[in-house]
Amino acid sequence: MKLKTSTFIASVLALAISPLGAAESANKADSPEFVRQAALKIDTYVAGWYRQKKLPVPEVTDDATFLRRAFLVGIGRIPTTEEGMFFLEIDDENKRFDLINYLTNSEGYSSHMTNWMFDLLRIKDEMARATTGRNPYRDWVGDKVAKNMKWDEMTNQLLTSKGSLWGEGQAAVGYYLRDQGMPLDNLSNSMQIFLGTQMECAQCHDDPFGDTERHDFYELAAFTEGQSPVPMLRKIGPLIEEARLEKNRGKAKSDIVEMVRYQILEQTLFGGGTGRISLPKDYQYRDGQPGEMIGGRTPFGKTVRMSDRGSGGDGREKLAEWVTAKTDGQFPAVMANRLWHRIMGRGVYEPISEYVEAKDTNMPGLMHYLTTLMVEVDYDLRAFQRILLNTKTFQFVPNPNPPKVQNGDDFHGRQLTRLSAEQIWDSLITLAGGNPDAKPKRTLDDEVRIGRNGRGGAVPGMTMADLSSDVLKLKTVKEVDDYIDGLVAKMGTDGKRKRSGSDSMMMTKEIRNYGKGAQVRSSELPSPAPKDHILFLFGQSARDTVNGANSEPNVSQVLTLMNGFVQDQLVNNPSAHIYKSLKDASSPTEKVRRLYVGILNRPPSEEEMSWMMDEVKISGDTDDAYRNILSALVMSSEFLFLQ
């Protein structure tokens with residue numbers, strides 16, 4: 001029986017009238033009329049492709065396939081049994097549009113988008129020895145994604161960032177600290193992330209496969225040259241040596257000295273970019289001499305220059321302005337194609353990390369419009385993706401055939417792809433515990449704690465931001481030494497490390513920092529996951545390279561599902577959420593239907609229902625029957641793949 005209203009619709013309406021919905025309604029890009037018109041325009045370009053290629057236009061997929069696809073692509077997990085049943089039972093012509101609004105306004109969207117951004121920006125919890133698992137930069141990125149910061153603004157803040165990792169409002173400096181000591185590598189990654197330009201070869205020689213010359217690369221590197229650590233870092237050598245003496249090991253002062261060095265001084269960068277740089281000693285081309293000082297100059301787009309005769313101090317501001325506003329549309333085009341790939345499964349052009357001008361793609365009109373649309377929505381990534389999700393192109397029936405077009409999308413239905421590691425994990429915990437987006441999010445542990453993993457005690461009433469602010473004001477080694485002695489006295493430890501656990505840490509607020517065993521969204525877990533976690537085994541990015549995840553199958557993945565989480569937390573766990581959804585089922589067939597909707601997000605076919613009922617009869621309608629069915633469905637290829 002089809003329903004006119006449901007809890008799902010009520011949730012959609014609640015979101016629509018919430019403060020978030022009200023705030024977004026003022027944005028043209030969020031108006032239903034604009035979304036529908038933009039989606040229609042995209043579909044018109046795709047329809048033109050079919051006419052040009054004389055191909056039949058694919059059918060729009062059924063509700064069940066759309067439901068699963070929208071959840072996995074939009075928020076990175078399958079729907080709960082309740083969400084799936086509500087949607088499938090609604091008789092409303094606008095329910096797909098409403099579902100997309102529900103998903104893109106949800107916590108799940110922020111979680112899934114955070115994973116995507118972590119892959120793009122290579123976010124790790126640990127940065128050298130500095131953060132000991134506490135990384136304000138990670139939290140900064142997650143917060144900006146949740147608040148839907150515009151992409152051009154986020155790019156600007158990353159490229160112009162400086163200061164202390166723990167400084168108030170300065171955590172974006174983690175973008176450079178992520179590659180501390182490797183500024184040229186950081187620049188290469190920046191060009192790939194923001195402009196889809198591969199320049200890593202040009203660090204050492206002219207690119208044999210492209211137009212970038214080594215001189216071009218160093219002219220661009222001049223804009224970020226001159227990032228400098230805190231002068232005090234070089235001065236406190238005697239304090240560090242004293243702290244490492246055998247007689248001082250284990251004392252609070254030694255631990256605080258280490259903290260000041262590794263978590264404050266080494267995690268601070270100053271300098272806005274000198275705008276000039278020396279060519280390397282091995283420079284080998286006629287357009288420059290080894291060691292020659294050259295000024296900054298952009299290699300394409302509107303030319304921006306800096307002098308080689310003096311330090312400008314604003315090089316990174318000029319670089320950020322050039323990247324976001326002076327590259328002839330390359331900046332919005334690259335992100336538009338990345339998001340097309342994210343929603344549709346393949347980019348308009350491939351690979352997505354190598355920019356192709358619209359005129360050289362398989363569909364110039366579409367690529368040009370997507371670029372224009374990115375600017376029109378003011379770089380609002382949520383709004384842009386909402387439009388893509390509402391296209392008929394996104395809703396085409398799955399295409400089981402390999403792409404017919406090289407280096408891009410053939411626009412003929414979504415290809416069959418294995419779920420990402422994050423989608424698999426987040427879907428498994430949905431089956432085990434229900435909606436994971438209702439669980440509290442992690443919070444940044446910003447207390448001043450000393451010793452390994454912070455177990456040596458805490459300075460009461462002080463945050464890491466306080467410590468950073470205080471330390472960076474100190475001018476002499478004696479001032480640093482006296483300041484550290486004051487912290488030791490404040491702790492009341494008489495120089496000895498406390499080991500009595502959480503009470504000795506004098507916690508002043510609740511801190512949520514989930515370990516690898518927590519059943520929370522992958523965006524809340526350690527980044528990247530440990531090597532024995534499902535996320536790692538299924539190919540989560542190590543976040544050493546841009547978009548470094550993989551979906552290659554291996555035997556350990558099967559064994560993990562058969563003998564690990566699936567058995568322990570689902571099959572043999574009577575309190576798993578998926579079993580709770582069966583409790584008020586009126587018949588064995590209804591229980592089987594709910595298992596299918598909860599796991600594969602569709603009702604079973606008549607043939608499948610017959611097979612499952614045979615299993616129920618053999619097991620005497622006991623819990624064993626439904627455990628066996630659950631195990632079979634979760635282990636199926638259909639569960640692990642996205643259509």
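Being basic (K, R) and in contact with a Leu (Cβ under 8 Å, 6 or more places away or on another chain), is that true of even one residue in the range 206-229? Working first, answer last.
Of the range 206-229, the ones basic (K, R) are 214.
From the residues that got through so far, the ones that are in contact with a Leu (Cβ under 8 Å, 6 or more places away or on another chain) too are none.
Looking through the range 206-229, none of the residues is basic (K, R) and in contact with a Leu (Cβ under 8 Å, 6 or more places away or on another chain).
The rows are residues; the columns are (1) at pLDDT below 95; (2) at positive phi; (3) part of a helix (DSSP H, G or I).
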position: I193; (1), (2), (3): no, no, yes
position: D207; (1), (2), (3): yes, no, no
position: G210; (1), (2), (3): yes, no, no
position: E219; (1), (2), (3): no, no, yes
position: F223; (1), (2), (3): no, no, no
position: G226; (1), (2), (3): yes, yes, no
position: V230; (1), (2), (3): yes, no, no
position: R234; (1), (2), (3): yes, no, yes
position: P238; (1), (2), (3): yes, no, yes
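Out of the residues in the range 502-545 meeting the condition of being among the basic types (K, R) and open to solvent by 40 Å² or more (accessible area, probe 1.4 Å), tell me which one is modelled with the highest pLDDT.
Looking at the filtered set, the residue picked out is K531.
Given the criterion over 30 Å from the mean Cα position of the chain (by Cα), in a helix (DSSP H, G or I) and of a type in the set (D, E, K, R), identify the matching residue among E615, E638.
The match here is E615.
Conditions tested, residue by residue: (1) among the hydrophobic types (A, V, I, L, M, F, W, C); (2) within 21 Å of R338 (Cβ to Cβ).
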{"position": "R386", "(1), (2)": "no, yes"}
{"position": "F394", "(1), (2)": "yes, yes"}
{"position": "P400", "(1), (2)": "no, no"}
{"position": "L472", "(1), (2)": "yes, no"}
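Assess whether D287 counts as being out of contact with any helix residue (DSSP H, G or I) (no Cβ under 7 Å at 6 or more places or on another chain), open to solvent by 10 Å² or more (accessible area, probe 1.4 Å) and either charged (D, E, K, R) or part of a loop (DSSP other than H, G, I, E, B) (or both). When the stated conditions are applied, D287 does not pass them.
Per this entry, L99 is not counted among residues that are closer than 30 Å to R543 by Cα, modelled with pLDDT of 95 or more and either crowded, with 23+ Cβ neighbours inside 10 Å or under 21 Å from the mean Cα position of the chain (by Cα) (or both). Within the range 244-258, track down each residue that is within 19 Å of K473 (Cα to Cα) and open to solvent by less than 10 Å² (accessible area, probe 1.4 Å). The answer is I256, V257.
The condition (being among the aromatic types (F, W, Y) and modelled with pLDDT under 95) is satisfied by just one residue among F384, F411: F411.
Of all residues being assigned to a helix (DSSP H, G or I) and out of contact with any helix residue (DSSP H, G or I) (no Cβ under 6 Å at 6 or more places or on another chain) in the range 546-564, which is surrounded by the fewest Cβ atoms within 10 Å (Cβ to Cβ)? Just the residue, please.
V555
Looking at the range 299-307, can you tell me whether even one residue there is touching a helix residue (DSSP H, G or I) at 6+ places or on another chain (Cβ under 8 Å), assigned to a strand (DSSP E or B), more than 30 Å from K392 (Cα to Cα) and at pLDDT 95 or above? Checking the range 299-307: not a single residue is touching a helix residue (DSSP H, G or I) at 6+ places or on another chain (Cβ under 8 Å), assigned to a strand (DSSP E or B), more than 30 Å from K392 (Cα to Cα) and at pLDDT 95 or above. V375 fulfils the conditions (1) of a type in the set (A, V, I, L, M, F, W, C); (2) open to solvent by less than 30 Å² (accessible area, probe 1.4 Å); (3) within 19 Å of W151 (Cβ to Cβ) except for a single criterion, (2). Looking only at the range 479-501, decide whether some residue is of a type in the set (G, A, S), open to solvent by 80 Å² or more (accessible area, probe 1.4 Å) and either at pLDDT below 90 or more than 30 Å from the chain's Cα centre (by Cα) (or both). Yes, the range 479-501 has at least one match. Taken over the range 313-361, the criterion of being of a type in the set (K, R) and open to solvent by 20 Å² or more (accessible area, probe 1.4 Å) is satisfied by K318, K326, R342, R346, K359. Reported count of residues in the range 145-166, each being under 18 Å from W116 (Cβ atoms) and open to solvent by less than 40 Å² (accessible area, probe 1.4 Å), is 7. Of F384, F411, all but one fail to be part of a helix (DSSP H, G or I), among the aromatic types (F, W, Y) and buried (at least 23 other Cβ atoms within 10 Å of the Cβ); the exception is F384. Pairing each residue of the range 296-311 that is touching a residue at least 12 places away in the same chain (Cβ under 8 Å) with any residue that is surrounded by fewer than 16 Cβ atoms within 10 Å (Cβ to Cβ) and in a loop (DSSP other than H, G, I, E, B), provided the two are 6+ apart or on different chains, yields C-beta distances under 8 Å for R297/T303; F300/D328; G301/D328; K302/D328. For the residues L55, L72, L88, the requirement of being of a type outside the set (D, E), open to solvent by less than 10 Å² (accessible area, probe 1.4 Å) and in contact with a helix residue (DSSP H, G or I) (Cβ under 9 Å, 6 or more places away or on another chain) singles out L72. Note on the range 571-607: among residues that are within 19 Å of G620 (Cα to Cα) and of a type in the set (G, A, S), the one that is most open to solvent (accessible area, probe 1.4 Å) is S586.
The values are calculated or read from the model by the stated rules, or taken from the named source; none is laboratory data. Since we're looking at a predicted model, the values are computed, not measured. Cβ: placed from backbone, ideal geometry, glycine included. Neighbour counts: every protein chain shown. Heads up: the accessible areas ignore ligands, DNA and RNA and are worked out on the full protein's heavy atoms, side chains in. Shrake-Rupley method; radii C 1.70, N 1.55, O 1.52, S 1.80 Å.
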